Amino acid sequence: MEVKVDEEIERMSKSDIKVSEEFDKIKYDVMIDVEELVNSYLYDKTWLVRENANSFKTFTGLFAFVAHEVLKRYALFSSAGFPRKQVEAHLRGDLHIHDLPYARFVAYCAGWSLRKLLKEGLDTPNITTKPAKHLSSAVDHIVNFLATAQQEWAGAQAFSSVDLYLAPFIRHDKLDLKQVEQEVQRLIFNLNFPSRAGAQTPFTNFTLNFTATGGLMEEEAIVGGKTVGRLGDYIEEAMIFTYAMIKTLEKGDARGRPFTFPIPTIGVGEDFDWNGRRWTIGDADLSYEIFRLAAERGSFYFLNYLNGYINPNSRFAMCCRLLPDVGEICKHFGGIWTAPEETGSIGVVTINLPRIGYLAKDDDDLYALLDRVLEIARQNLMNKRIHLERVLKEKPYDLPITSRYLGTFQFHYNTVGIVGMHECLMNFAKVPIWDDYGIQLAKKILRHILNRLKEFQAEDGVLYNLEQTPAESTSHRLAMLDAKLFRKAIEKGEYCIQGEPGAYYYTNSTHVPYNAPLPLHEKIRVEAEFHPYFTGGCVTHIWLFEMPEVEALRSFVRRVMSNTKLAYMTVTPTITVCLKCRKSWVGIYERCPECGGKYSLEVYSRIVGYYRPVRLWNKGKKKEFLDRVHYSLDGEYLKPRDILKEVPW
């Protein structure tokens with residue numbers, strides 16, 4: 001691809017971007033100007049300060065930023081870093097290697113076995129516990145395990161069936177709802193303190209499975225490290241735990257702000273109580289409470305077991321959209337009894353589709369360019385896997401939690417993602433993603449990628465999957481690179497890109513572009529067409545500008561789950577918090593409805609999969625938020641920029 005890119009640069013732009021020369025220049029200048037680096041953080045001289053919305057500007061943030069930039073150069077330009085061809089592809093913007101510099105040292109995300117933690121206790125290098133005997137101890141073990149494990153991974157840490165595994169403790173401790181709620185408060189609050197390096201909150205995900213049926217319910221229930229029956233014996237207590245979690249999440253923190261983590265996922269299967277007749281906690285209808293929380297806080301992700309292609313016993317939610325298929329692991333390693341309790345992703349590389357779409361002259365050229373970039377992504381992921389396996393074996397630096405509770409990366413995927421399918425289609429065929437031809441062409445591209453990943457999997461003997469990567473900073477970074485590369489084409493309207501100068505971005509994966517004024521049912525219909533192709537996970541976000549009526553929302557989610565191919569969805573109301581009044585409202589407000597304050601307001605929405613204040617987002621994502629079409633369930637839609645007379649961030 002490098003020859004073709006150089007030709008396009010020479011033909012369409014007078015900007016002197018020569019990747020090899022830039023590479024040599026940066027490699028030669030490995031010694032960083034420390035004063036310049038520190039000042040770039042202190043005075044916001046680079047957008048990288050806002051690369052991750054899950055962080056604040058603090059001393060430890062400064063410390064992490066400086067270390068991050070130094071280690072990034074090690075990962076990219078040292079003899080021990082990634083090979084030059086892979087680095088050039090990243091710097092040039094053909095693809096994006098996620099989580100640099102962590103990608104050179106640790107894996108991406110992990111789902112852990114809560115059963116193993118409860119059975120064996122928490123074992124760290126400097127302190128070891130016995131298995132938890134009480135709910136309070138189990139909560140402490142979960143919090144400390146996740147906080148410790150997060151130090152060894154770049155991305156999300158997940159536990160599945162948290163409600164079912166903690167339910168036996170509720171019965172054996174003879175706890176009432178108020179006491180359970182107190183323990184859940186401890187759990188949620190402690191997981192939201194900035195205990196991660198760089199003043200970040202650990203990225204955590206919980207799946208709630210009291211709705212499940214089948215084999216999971218036959219798994220052993222554990223208290224004090226000993227078996228106390230089956231998980232299926234404790235459904236009532238699992239529902240109590242879920243209700244306590246709902247009550248905690250709806251309150252938010254002391255200032256009314258929504259909790260960012262853990263991201264809770266709930267499965268929607270054949271036995272889901274849509275009518276509120278079976279899931280009762282005292283006088284409360286648990287099904288109603290689930291959707292009330294979704295309407296007020298947008299907390300839950302809904303995992304669809306009704307679409308005909310997701311097996312509730314083989315998919316686990318790992319982060320804000322990663323849904324690895326354990327069934328694929330079973331096929332690859334010899335059957336259901338070989339399936340591990342722990343899986344996840346070694347690393348992620350995202351392909352820049354808009355650039356490929358623009359450079360391709362015809363169909364053959366499109367797939368040839370795509371294959372070249374996919375091959376580089378493959379090499380990068382295999383290089384990383386080999387390095388991490390050596391780390392586990394030879395321990396040049398230790399990963400104690402990973403070594404103790406995982407021991408192998410055999411069941412973790414090499415993950416490939418995409419960004420900007422809509423822009424790719426516009427650049428290549430001049431059709432939007434919601435056009436019938438656009439949908440078919442997008443599917444053809446996805447099938448091509450999947451076929452290549454299957455070939456890689458067979459040849460390399462490791463697992464590969466395709467994910468709608470969140471692309472929090474990737475969509476902005478790649479768009480900004482292409483804005484320089486194809487500046488004249490953009491000015492002429494010949495190159496499709498979102499945003500504006502200084503705040504360009506690409507649409508995430510196969511999403512409908514956020515500024516497209518499609519009716520809600522059309523947005524869902526189009527995005528659902530692509531979900532079955534993403535073997536590594538996907539999501540559709542429904543942005544709301546007002547709080548829906550709970551029964552209407554319950555009915556809406558039921559229709560979507562029952563009648564579409566959507567795998568994973570959120571209902572995302574935008575939330576405005578007044579830090580002075582300590583109250584919050586669903587909607588976008590310029591002044592506090594209570595005190596009339598203007599500068600005490602903070603607007604929260606999902607930047608990708610998690611809620612953060614919009615003021616902390618990078619420039620591309622801030623522009624995306626203003627462009628997002630927000631809906632009401634009765635068919636209305638508008639954009640934040642239609643409401644805000646002036647942008648407060």
Residues of segment 142-168 being modelled with pLDDT of 95 or more and farther than 29 Å from residue 68 by Cα, which ones? 162, 163, 164, 165, 166, 167, 168
Is it true that residue 231 is among the hydrophobic types (A, V, I, L, M, F, W, C) and modelled with pLDDT of 95 or more? yes
I want to confirm something. Restricting to segment 169-225 and keeping residues that are at pLDDT 90 or above and among the small types (Gly, Ala, Ser), which single residue is farthest from residue 108 (Cα to Cα)? 224
Show the residue pairs that are 6+ apart or on different chains and have beta-carbon atoms under 7 Å apart, the first residue being within segment 379-408 and free of Cβ contacts under 8 Å to residues at least 12 places away in the same chain, the second being assigned to a helix (DSSP H, G or I). 403/392
Find all pairs meeting these conditions: Cβ atoms under 9 angstrom apart; at least six residues apart or on different chains; first residue within segment 70-81 and outside the structural domain of residue 102 (by TED's automatic domain parsing) and hydroxyl-bearing (Ser, Thr, Tyr); second residue part of a helix (DSSP H, G or I) and modelled with pLDDT of 85 or more. 74/104
Considering only residues that are in a helix (DSSP H, G or I) and in contact with a Gly (Cβ under 8 Å, 6 or more places away or on another chain), look in segment 87-110 and name the one that is nearest to residue 395 (Cα to Cα). 104
Within segment 549-571, the residues that are assigned to a strand (DSSP E or B), hydrophobic (A, V, I, L, M, F, W, C) and closer than 10 Å to residue 304 by Cα are 569
Only one of 500, 455 is in contact with a Lys or Arg (Cβ under 8 Å, 6 or more places away or on another chain), farther than 19 Å from residue 608 by Cα, surrounded by fewer than 19 Cβ atoms within 10 Å (Cβ to Cβ) and at pLDDT 95 or above, namely 500
If you check 328, 341, 296, 289, which single one turns out to be modelled with pLDDT of 55 or more, assigned to a helix (DSSP H, G or I) and over 25 Å from residue 251 (Cα atoms)? 328
Those residues that are among the aliphatic types (A, V, I, L, M) and either surrounded by fewer than 18 Cβ atoms within 10 Å (Cβ to Cβ) or under 19 Å from residue 185 (Cα atoms) (or both), I need them from segment 115-153; list them, please. 127, 132, 135, 138, 139, 142, 143, 146, 147
Tell me, yes or no, whether segment 478-492 has at least one residue that is closer than 22 Å to residue 531 by Cβ and either surrounded by fewer than 22 Cβ atoms within 10 Å (Cβ to Cβ) or of a type outside the set (Asp, Glu) (or both). no
Of all the residues that make up segment 619-648, how many are part of a loop (DSSP other than H, G, I, E, B), of a type in the set (Val, Ile, Thr) and over 16 Å from residue 513 (Cα atoms)? 1
Of the conditions (1) at pLDDT below 90; (2) under 25 Å from the mean Cα position of the chain (by Cα), residue 619 satisfies every one except a single condition; which number is it? (1)
Selection from segment 232-255 of residues that are over 24 Å from the mean Cα position of the chain (by Cα) and small (Gly, Ala, Ser): 232, 238, 244, 254
Spot the failing condition for residue 612; the list is (1) under 29 Å from residue 156 (Cβ atoms); (2) surrounded by fewer than 17 Cβ atoms within 10 Å (Cβ to Cβ), and only one is missed. (2)
From the option list 45, 57, single residue qualifying as within 24 Å of the chain's Cα centre (by Cα) and surrounded by fewer than 19 Cβ atoms within 10 Å (Cβ to Cβ) is 57
For residues in segment 376-426 being over 21 Å from residue 99 (Cβ atoms) and of a type in the set (Asp, Glu), which is surrounded by the fewest Cβ atoms within 10 Å (Cβ to Cβ)? 394
When segment 382-414 is checked residue by residue, the ones that are within 24 Å of the chain's Cα centre (by Cα) and more than 24 Å from residue 116 (Cβ to Cβ) are 382, 383, 384, 414
Which numbered condition residue 493 fails, given (1) closer than 22 Å to residue 626 by Cβ; (2) in contact (Cβ under 8 Å) with a residue 12 or more places away in the chain; (3) not in a strand (DSSP E or B): (2)
Just checking, which of 201, 227, 207 is surrounded by fewer than 16 Cβ atoms within 10 Å (Cβ to Cβ) and among the β-branched types (Val, Ile, Thr)? 227
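Is one or more of the residues making up segment 589-607 assigned to a strand (DSSP E or B), touching a Phe, Trp or Tyr at 6+ places or on another chain (Cβ under 7 Å) and not small (Gly, Ala, Ser)? Walk me through how you get there before you give the answer.
Step one: list which residues in segment 589-607 are assigned to a strand (DSSP E or B), which gives 601-606.
Narrowing the set further to residues that are touching a Phe, Trp or Tyr at 6+ places or on another chain (Cβ under 7 Å) leaves 601, 604-605.
Those still in the list that are not small (Gly, Ala, Ser) too: 601, 604.
Within segment 589-607, one or more residues are assigned to a strand (DSSP E or B), touching a Phe, Trp or Tyr at 6+ places or on another chain (Cβ under 7 Å) and not small (Gly, Ala, Ser).
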Within the group 406, 370, which residue is at pLDDT below 95 and hydrophobic (A, V, I, L, M, F, W, C)? 406
Which residue, of 602, 546, 551, 646, is modelled with pLDDT under 90 and of a type in the set (Asp, Glu)? 646
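The values are calculated or read from the model by the stated rules, or taken from the named source; none is laboratory data. In this text the structure is predicted, and so the values were computed from the model without any measurement. Because the Cβ atoms are built from the backbone with ideal geometry, glycine has one as well, and the counts that use them run over all protein chains shown.
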